[in-house]
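For reference, the structure is listed below as structure tokens.
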Amino acid sequence: MKFLHVTEEQGRYLASLRETPTPVPARGEVLIRVTASGVNRADLSQIAGRYPPPPGESDILGLEVSGQRDDTGEAVCALLAGGGHAEYVAAPTGQVFPAPPGTDLVTAAGIPEAFLTAFLNLVVEGGVARDSVVLIHAAASGVGLAAIQIAKINGARVIGTTRSSEKVAAIAAAGADLVVDTSRTDVAAELGARWGRGGRGGRGGRDAVDIVLDPIGSASLATDLNVLKVGGRIVILSTMSGSRAELDLALLMKKRARLVGSTLRSRSRAEKAAIVTRFRDEILPGFVAGRLTVTVDSVFPLERAAEAFQRMRENRNVGKIMIRWASA
């Protein structure tokens with residue numbers, strides 16, 4: 001089978017198709033013929049040598065796919081620890097779920113990593129509930145737009161941030177109640193100005209956030225803690241601005257806050273299967289009902305795959321970037 005081999009030279013990506021034997025599913029795995037694969041920032045980190053796959057998993061890039069089960073022909077999506085940017089992938093059975101009816105298979109490739117990450121960190125780790133106030137950084141990313149939708153169907157109010165004025169409209173369209181362009185204004189100041197001391201539902205603008213979903217890291221941690229309410233949670237998903245930060249421990253204690261570090265890829269297959277089971281029950285029906293949608297930024301053919309990785313590196317995407325492998 002063919003798979004994508006990607007390297008980076010002086011800030012530019014080079015992609016080529018290489019040959020390797022088609023994987024043979026082990027016990028507890030199914031073979032999927034890939035229709036499309038989703039591009040994620042984890043791919044860029046792996047290309048750079050900073051984020052290798054967990055032991056025993058494929059070293060081929062790619063954390064999510066859509067396609068057809070080779071044994072039954074069923075249209076499916078799969079969450080992966082590696083191996084997705086290829087014609088075929090052997091996926092753990094517990095991480096495979098039906099592609100939602102009415103969603104084309106290329107678009108469906110944007111569900112597993114983005115929506116499962118959002119579900120894990122908002123619902124499982126964050127405990128989102130009706131009337132929660134949720135702050136989502138990098139809200140125009142695939143995960144960010146998924147998180148907005150999941151927060152809203154759980155009855156939460158959402159603040160989304162971006163550093164690009166061009167992405168504000170997409171964040172608002174996804175359902176965010178307040179969008180903050182952090183290249184122009186401060187989150188805490190905007191909360192105070194827009195929601196005021198009384199706030200919505202009697203909540204003040206500052207110290208009003210129940211859950212922060214933060215893939216930024218060091219540059220945003222102080223702000224996260226400042227706007228967090230007493231008993232709130234900050235969930236760190238990534239460290240795009242750096243992994244080392246100063247932390248006001250006195251403020252952390254005063255607010256009785258929880259600082260949660262979270263990854264999905266490194267979790268065991270059993271843990272992922274349990275998460276996927278809940279996701280199938282609690283979230284997947286939302287696609288069928290039309291309450292959840294994948295925001296597709298772009299779909300690239302194989303011969304232009306390098307452009308897909310470059311687009312993500314340059315932070316030009318709004319939503320998911322996909323690579324098409326076969327006709328849907």
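The values are calculated or read from the model by the stated rules, or taken from the named source; none is laboratory data. None of these values were measured; they are calculated from a predicted model. Positions of Cβ are generated from backbone atoms using ideal geometry, with glycine treated the same way; all protein chains shown enter the neighbour counts. Accessible surface areas use protein heavy atoms only, side chains included; no ligands, DNA or RNA. Shrake-Rupley method; radii C 1.70, N 1.55, O 1.52, S 1.80 Å.
If r is the Cβ-Cβ distance from Thr93 to Ala193 and R0 is 56 Å, what FRET efficiency results, to the nearest 0.05? It comes out at approximately 0.65. Looking at the chain as a GNM with Cα springs under 10 Å, which of Ala222, Ala139, Ala172 has the largest mean-square fluctuation? In this elastic network of the chain, the residue with the biggest mean-square fluctuation among Ala222, Ala139, Ala172 is Ala222. Computed over the chain with a Gaussian network model linking Cα atoms closer than 10 Å, the most mobile of Leu145, Leu284, Leu213 is Leu284. log10 I(q)/I(0), Debye, Cα-only the stretch 1-127, no solvent, q = 0.13, 0.20, 0.21, 0.22 Å⁻¹? For the stretch 1-127, the Cα-only Debye profile gives -0.52, -1.17, -1.26, -1.34. Extents of the stretch 113-166, taken as max minus min of Cα coordinates on every principal axis and listed largest first, are 30, 24, 15 Å. With the convex hull of the Cα atoms taken as the outline of the chain, the averaged projected area works out to 16.3 nm². Could you check how much of the accessible area of the chain is carbon and sulfur, as a whole percent, using a 1.4 Å probe? Summing carbon and sulfur atoms, their accessible area is 47 percent of the total for the chain.
If I build a Gaussian network model for the chain, linking alpha-carbon pairs within less than 10 angstrom, which residue out of Ala147, Ala48, Ala273 has the largest mean-square fluctuation? Checking each option, the largest mean-square fluctuation is seen for Ala48. Taking the DSSP bridge list for the stretch 1-105 and keeping only pairs wholly inside it, about 100 percent are antiparallel.
What FRET efficiency comes out for the pair Asp131/Asp104, r = Cβ-Cβ distance, R0 = 22 Å, nearest 0.05? Walk me through the numbers on the way to the answer.
On the way: r = 35 Å, r/R0 = 1.59.
Between Asp131 and Asp104 the formula returns 0.05.
The residues of the stretch 154-280 present an accessible area of 50 Å² per residue when probed at 1.4 Å with all protein chains retained.
When the charge dipole of the stretch 1-109 is built from unit charges on Cβ atoms (+1 for Lys and Arg, -1 for Asp and Glu) and taken about the Cα centre, the candidate among Ala99, Leu44, Gln68 whose Cα reaches farthest toward its positive end is Leu44. For the stretch 292-304, the Karplus equation 6.51 cos²θ - 1.76 cosθ + 1.60, evaluated at θ = phi - 60°, returns couplings of 10, 9, 8, 7, 8, 7, 6, 10, 10, x, 4, 5, 10 Hz by residue, with Gly and Pro reported as x.
Summarising the amide proton neighbourhood of Leu61: residues at separation of 5 or more, or on other chains, whose placed amide H is nearer than 5 Å comprise Gly83, His85.
Would you mind getting the Kirkwood hydrodynamic radius of the stretch 264-314 from its Cα pairs, rounded to one decimal in Å?
Across the stretch 264-314, the inverse of the average 1/r is 14.0 Å.
Net charge dipole, the chain: roughly 960 debye, given to the nearest 20, about the Cα centre with Cβ charges of +1 for Lys and Arg and -1 for Asp and Glu.
Out of all Cα-Cα pairs in the stretch 94-142, roughly what percent, to the nearest whole number, are more than 13 Å apart?
Values: 795 of 1176 pairs.
Result for the distance tail: 68 percent.
Rounded to the nearest Hz, the phi-derived 3J(HN,Hα) couplings of the stretch 8-22 under the Karplus curve 6.51 cos²θ - 1.76 cosθ + 1.60 (θ = phi - 60°) are 10, 9, 6, x, 10, 9, 10, 10, 9, 8, 10, 9, 8, x, 4, where x marks glycine and proline. Taking label points 7 Å from Cα along the Cα-to-Cβ direction, Glu166 and Ser241 give a separation of 2.2 nm.
Cα centroid separation, the stretch 87-163 to the stretch 164-194: 20 Å.
With all protein chains kept in place, the per residue accessible area of the stretch 1-143 amounts to 39 square angstrom at a probe of 1.4 angstrom.
Kirkwood's formula applied to the C-alpha pairs of the stretch 81-213 gives a hydrodynamic radius of 16.1 angstrom. Longest segment of the chain with no GluC sites (Glu not before Pro) in a DSSP loop having at most 10 other Cβ atoms within 10 Å? By the stated rule (loop sites, at most 10 other Cβ atoms within 10 Å), 1-245.
Computed over the stretch 192-313, the quotient of the alpha carbon radius of gyration and 2.2 N^0.38 Å is 1.38. Relative to the longest principal axis of the Cα atoms of the chain, the long axis of helix 142-153 lies at roughly 60 degrees. In this structure, Arg291 and Thr20 have a Cβ-Cβ separation that, at R0 = 45 Å, corresponds to a calculated FRET efficiency of about 0.70.
By the Cα gyration tensor, the stretch 225-283 has an equivalent ellipsoid whose semi-axes, rounded to whole angstrom, run 29, 16, 9 from largest to smallest.
Which pairs break 22 Å Cα to Cα here: Lys152/Lys255; Lys167/Lys272; Lys229/Lys254; Lys152/Lys272? Before the final figure, lay out the partial values.
On the way: Lys152/Lys255 25 Å; Lys167/Lys272 31 Å; Lys229/Lys254 10 Å; Lys152/Lys272 24 Å.
Correct reply: Lys152/Lys255; Lys167/Lys272; Lys152/Lys272.
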